[in-house]
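The values are calculated or read from the model by the stated rules, or taken from the named source; none is laboratory data. Here the structure is a predicted model, which is why all the values come from computation and not from measurement. With ideal geometry, Cβ positions are generated from the backbone for all residues, glycine too; neighbour counts draw on all protein chains shown. Calculation scope for accessible area: heavy atoms of the full protein, side chains included, ligands and nucleic acids excluded. Shrake-Rupley method; radii C 1.70, N 1.55, O 1.52, S 1.80 Å.
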Amino acid sequence: MFEKLRGPWRKIISPIARTLVKLGVTANMVTIAGAVGTAFFAVLTGFTGWLLPGAAMITVMVIFDSLDGTVAAQSGGGTAFGAFLDSTVDRIADWAVLLGVAIYLIRLKDFWTLWPQIGFWAALVSMMTAFVTSYIRARAQSIGLDAKNGIATRSDRLVIILVGMGLTGMGLPVAVLSCFMVLLAVLGAVTVGQRLYTVYSSAKEKGLTEHM
(Lines give C-alpha, C1' and ligand atoms only; values in the text may rest on other atoms or scores of the structure.)
Protein backbone atom coordinates (compact mmCIF):
# COMPACT_ATOMS: atom_id res chain seq x y z
CA MET A 1 0.00 0.00 0.00
CA PHE A 2 2.65 2.49 1.03
CA GLU A 3 4.98 1.42 -1.78
CA LYS A 4 3.20 3.97 -4.00
CA LEU A 5 4.70 6.72 -1.84
CA ARG A 6 8.27 5.59 -2.49
CA GLY A 7 8.80 8.06 -5.37
CA PRO A 8 7.59 11.19 -3.52
CA TRP A 9 9.45 10.08 -0.40
CA ARG A 10 12.74 9.86 -2.30
CA LYS A 11 12.29 13.46 -3.44
CA ILE A 12 11.80 14.55 0.17
CA ILE A 13 14.91 12.80 1.48
CA SER A 14 17.08 13.65 -1.53
CA PRO A 15 18.67 16.74 0.12
CA ILE A 16 19.59 14.70 3.21
CA ALA A 17 21.12 11.99 1.02
CA ARG A 18 23.07 14.62 -0.87
CA THR A 19 24.53 15.91 2.39
CA LEU A 20 25.56 12.40 3.45
CA VAL A 21 27.30 11.83 0.12
CA LYS A 22 29.26 15.07 0.59
CA LEU A 23 30.32 13.85 4.03
CA GLY A 24 31.66 10.64 2.50
CA VAL A 25 28.92 8.37 3.87
CA THR A 26 28.29 5.38 1.61
CA ALA A 27 25.02 3.57 0.99
CA ASN A 28 26.33 0.46 2.73
CA MET A 29 27.15 2.51 5.83
CA VAL A 30 23.60 3.85 5.88
CA THR A 31 22.18 0.34 5.42
CA ILE A 32 24.16 -1.16 8.30
CA ALA A 33 23.66 1.80 10.65
CA GLY A 34 19.93 1.86 10.00
CA ALA A 35 19.49 -1.85 10.63
CA VAL A 36 21.68 -1.90 13.75
CA GLY A 37 19.93 1.17 15.16
CA THR A 38 16.49 -0.27 14.45
CA ALA A 39 17.36 -3.60 16.07
CA PHE A 40 18.92 -1.93 19.11
CA PHE A 41 15.98 0.37 19.85
CA ALA A 42 13.44 -2.38 19.12
CA VAL A 43 14.93 -4.80 21.64
CA LEU A 44 15.56 -2.01 24.15
CA THR A 45 11.90 -0.99 23.86
CA GLY A 46 10.81 -4.54 24.55
CA PHE A 47 12.81 -4.72 27.77
CA THR A 48 12.05 -1.20 29.05
CA GLY A 49 8.40 -1.14 28.03
CA TRP A 50 8.74 2.46 26.81
CA LEU A 51 6.62 1.97 23.72
CA LEU A 52 6.05 5.58 22.67
CA PRO A 53 9.69 6.77 22.76
CA GLY A 54 10.72 3.40 21.37
CA ALA A 55 8.34 3.73 18.43
CA ALA A 56 9.65 7.26 17.84
CA MET A 57 13.29 6.15 17.79
CA ILE A 58 12.57 3.15 15.58
CA THR A 59 10.76 5.46 13.18
CA VAL A 60 13.82 7.72 13.04
CA MET A 61 16.06 4.74 12.31
CA VAL A 62 13.70 3.40 9.63
CA ILE A 63 13.69 6.82 7.97
CA PHE A 64 17.50 6.89 8.11
CA ASP A 65 17.66 3.37 6.67
CA SER A 66 15.48 4.47 3.75
CA LEU A 67 18.23 6.86 2.66
CA ASP A 68 20.53 4.10 1.40
CA GLY A 69 18.96 3.79 -2.05
CA THR A 70 19.05 7.54 -2.65
CA VAL A 71 22.62 7.78 -1.36
CA ALA A 72 23.60 4.97 -3.74
CA ALA A 73 21.91 6.72 -6.67
CA GLN A 74 23.69 9.99 -5.91
CA SER A 75 27.02 8.19 -5.53
CA GLY A 76 27.04 6.83 -9.05
CA GLY A 77 24.49 4.05 -8.72
CA GLY A 78 24.00 1.06 -6.46
CA THR A 79 25.86 -2.22 -6.65
CA ALA A 80 24.65 -5.81 -6.66
CA PHE A 81 26.28 -6.38 -3.28
CA GLY A 82 24.64 -3.24 -1.91
CA ALA A 83 21.22 -4.53 -2.90
CA PHE A 84 22.05 -7.92 -1.37
CA LEU A 85 23.25 -6.31 1.86
CA ASP A 86 20.18 -4.09 2.11
CA SER A 87 17.79 -7.00 1.64
CA THR A 88 19.66 -9.13 4.17
CA VAL A 89 19.90 -6.62 7.03
CA ASP A 90 16.30 -5.52 6.46
CA ARG A 91 15.26 -9.03 7.47
CA ILE A 92 17.27 -8.67 10.68
CA ALA A 93 15.63 -5.33 11.44
CA ASP A 94 12.14 -6.71 10.73
CA TRP A 95 12.75 -9.64 13.04
CA ALA A 96 14.08 -7.36 15.79
CA VAL A 97 11.06 -5.04 15.69
CA LEU A 98 8.64 -7.94 16.12
CA LEU A 99 10.94 -9.49 18.72
CA GLY A 100 10.73 -6.22 20.67
CA VAL A 101 6.93 -6.42 20.64
CA ALA A 102 7.04 -10.06 21.76
CA ILE A 103 9.47 -9.25 24.59
CA TYR A 104 7.27 -6.38 25.73
CA LEU A 105 4.21 -8.63 25.88
CA ILE A 106 6.06 -11.46 27.66
CA ARG A 107 7.24 -9.07 30.37
CA LEU A 108 3.72 -7.86 31.17
CA LYS A 109 2.46 -8.96 34.59
CA ASP A 110 -0.77 -10.16 33.01
CA PHE A 111 0.94 -11.93 30.10
CA TRP A 112 -1.13 -15.07 30.60
CA THR A 113 -4.38 -13.21 30.11
CA LEU A 114 -6.25 -13.06 26.79
CA TRP A 115 -4.97 -9.95 24.97
CA PRO A 116 -1.24 -10.28 25.69
CA GLN A 117 -1.46 -13.91 24.57
CA ILE A 118 -3.24 -12.97 21.37
CA GLY A 119 -0.71 -10.23 20.63
CA PHE A 120 2.26 -12.49 21.36
CA TRP A 121 1.17 -15.32 19.08
CA ALA A 122 0.09 -12.89 16.38
CA ALA A 123 3.58 -11.33 16.54
CA LEU A 124 5.14 -14.77 16.05
CA VAL A 125 2.88 -15.46 13.07
CA SER A 126 3.82 -12.04 11.67
CA MET A 127 7.51 -12.93 11.96
CA MET A 128 6.89 -16.02 9.86
CA THR A 129 4.83 -14.26 7.19
CA ALA A 130 7.37 -11.42 6.95
CA PHE A 131 10.22 -13.84 6.26
CA VAL A 132 8.19 -16.00 3.87
CA THR A 133 7.05 -12.89 1.96
CA SER A 134 10.66 -11.87 1.39
CA TYR A 135 11.74 -15.44 0.63
CA ILE A 136 9.08 -15.85 -2.06
CA ARG A 137 10.33 -12.74 -3.84
CA ALA A 138 13.98 -13.83 -3.64
CA ARG A 139 13.24 -17.40 -4.72
CA ALA A 140 11.04 -16.19 -7.58
CA GLN A 141 13.83 -13.95 -8.85
CA SER A 142 16.21 -16.90 -8.80
CA ILE A 143 14.06 -18.66 -11.42
CA GLY A 144 13.51 -15.55 -13.51
CA LEU A 145 10.11 -14.53 -12.11
CA ASP A 146 8.91 -11.56 -10.10
CA ALA A 147 6.78 -11.29 -6.96
CA LYS A 148 6.78 -7.78 -5.55
CA ASN A 149 3.03 -7.56 -5.12
CA GLY A 150 0.95 -7.98 -1.98
CA ILE A 151 -1.36 -6.04 0.28
CA ALA A 152 1.29 -5.64 2.99
CA THR A 153 4.86 -4.93 1.89
CA ARG A 154 7.66 -4.08 4.32
CA SER A 155 6.71 -0.42 4.66
CA ASP A 156 3.09 -1.38 5.39
CA ARG A 157 4.18 -3.85 8.06
CA LEU A 158 6.40 -1.31 9.79
CA VAL A 159 3.66 1.32 9.83
CA ILE A 160 1.21 -1.13 11.41
CA ILE A 161 3.70 -2.16 14.09
CA LEU A 162 4.83 1.36 14.94
CA VAL A 163 1.30 2.78 15.07
CA GLY A 164 0.22 -0.05 17.37
CA MET A 165 3.23 0.53 19.62
CA GLY A 166 2.71 4.27 19.66
CA LEU A 167 -0.99 4.13 20.53
CA THR A 168 -0.42 1.66 23.36
CA GLY A 169 2.52 3.73 24.55
CA MET A 170 0.18 6.75 24.75
CA GLY A 171 -1.88 4.93 27.35
CA LEU A 172 -4.35 2.85 25.37
CA PRO A 173 -4.89 -0.77 26.49
CA VAL A 174 -2.51 -3.50 25.39
CA ALA A 175 -5.48 -4.91 23.47
CA VAL A 176 -4.85 -2.15 20.90
CA LEU A 177 -1.32 -3.38 20.24
CA SER A 178 -2.60 -6.95 20.09
CA CYS A 179 -5.26 -5.98 17.54
CA PHE A 180 -2.58 -4.37 15.37
CA MET A 181 -0.53 -7.58 15.62
CA VAL A 182 -3.55 -9.63 14.56
CA LEU A 183 -4.09 -7.27 11.63
CA LEU A 184 -0.44 -7.65 10.69
CA ALA A 185 -0.62 -11.44 10.88
CA VAL A 186 -3.74 -11.57 8.70
CA LEU A 187 -2.40 -9.15 6.09
CA GLY A 188 0.91 -11.00 6.11
CA ALA A 189 -0.83 -14.30 5.41
CA VAL A 190 -2.82 -12.70 2.60
CA THR A 191 0.38 -11.27 1.11
CA VAL A 192 2.04 -14.69 1.16
CA GLY A 193 -0.96 -16.12 -0.65
CA GLN A 194 -0.93 -13.30 -3.22
CA ARG A 195 2.74 -13.77 -3.99
CA LEU A 196 2.45 -17.55 -4.22
CA TYR A 197 -0.39 -17.17 -6.68
CA THR A 198 1.55 -14.59 -8.70
CA VAL A 199 4.57 -16.86 -8.96
CA TYR A 200 2.42 -19.85 -9.86
CA SER A 201 0.57 -17.90 -12.56
CA SER A 202 3.80 -16.57 -14.05
CA ALA A 203 5.43 -19.99 -13.93
CA LYS A 204 2.40 -21.57 -15.57
CA GLU A 205 2.48 -19.03 -18.41
CA LYS A 206 6.13 -19.85 -19.06
CA GLY A 207 5.63 -23.58 -18.78
CA LEU A 208 7.67 -23.85 -15.60
CA THR A 209 5.13 -25.74 -13.55
CA GLU A 210 2.98 -28.83 -13.62
CA HIS A 211 -0.79 -28.52 -13.76
CA MET A 212 -2.39 -28.53 -10.34
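Values as computed for the structure displayed
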item	result
Criterion violated by Val125 - all others in (1) among the hydrophobic types (A, V, I, L, M, F, W, C); (2) open to solvent by 60 Å² or more (accessible area, probe 1.4 Å); (3) outside any helix (DSSP H, G or I) satisfied	(3)
Condition broken by Val163, with the remaining ones in (1) closer than 21 Å to Leu52 by Cβ; (2) touching a Ser or Thr at 6+ places or on another chain (Cβ under 9 Å) satisfied	(2)
Number of the exception - Ala147 against (1) surrounded by fewer than 19 Cβ atoms within 10 Å (Cβ to Cβ); (2) under 20 Å from Leu85 (Cα atoms); (3) touching a helix residue (DSSP H, G or I) at 6+ places or on another chain (Cβ under 8 Å); (4) not β-branched (Val, Ile, Thr)	(1)
Positions within region 42-59 being outside any loop (DSSP other than H, G, I, E, B), over 17 Å from Arg91 (Cβ atoms), open to solvent by 20 Å² or more (accessible area, probe 1.4 Å) and in contact (Cβ under 8 Å) with a residue 12 or more places away in the chain, in sequence order	Leu44, Phe47, Leu52, Pro53, Ala56, Met57, Thr59
Among (1) more than 26 Å from Ile63 (Cβ to Cβ); (2) in contact with a helix residue (DSSP H, G or I) (Cβ under 7 Å, 6 or more places away or on another chain); (3) open to solvent by less than 50 Å² (accessible area, probe 1.4 Å) - the single one Arg91 does not satisfy	(1)
Region 1-22, subset modelled with pLDDT under 60, of a type in the set (A, V, I, L, M, F, W, C) and assigned to a helix (DSSP H, G or I), residue surrounded by the fewest Cβ atoms within 10 Å (Cβ to Cβ)	Leu5
Failed criterion for Phe111 (all others in (1) of a type outside the set (Val, Ile, Thr); (2) outside any helix (DSSP H, G or I); (3) at pLDDT below 95 hold)	(3)
Those residues of region 161-205 which are in contact with a Leu (Cβ under 7 Å, 6 or more places away or on another chain) and open to solvent by less than 20 Å² (accessible area, probe 1.4 Å), in sequence order	Ile161, Gly164, Met165, Gly166, Thr168, Ala203
Enumeration of residues in region 131-146 that are more than 13 Å from the chain's Cα centre (by Cα) and either of a type in the set (A, V, I, L, M, F, W, C) or assigned to a helix (DSSP H, G or I) (or both)	Tyr135, Ile136, Arg137, Ala138, Arg139, Ala140, Gln141, Ser142, Ile143, Leu145
Ala152 being surrounded by 15 or more Cβ atoms within 10 Å (Cβ to Cβ) and either in contact with a Leu (Cβ under 6 Å, 6 or more places away or on another chain) or not in a helix (DSSP H, G or I) (or both)	yes
Residues of region 26-41 satisfying the condition of being assigned to a helix (DSSP H, G or I), β-branched (Val, Ile, Thr) and open to solvent by 40 Å² or more (accessible area, probe 1.4 Å)	Ile32, Val36
Pairs, first touching a residue at least 12 places away in the same chain (Cβ under 8 Å) and more than 17 Å from Val163 (Cα to Cα) in region 86-102, second assigned to a helix (DSSP H, G or I) and of a type in the set (Phe, Trp, Tyr), C-beta under 7 Å, six or more apart	Arg91/Phe131
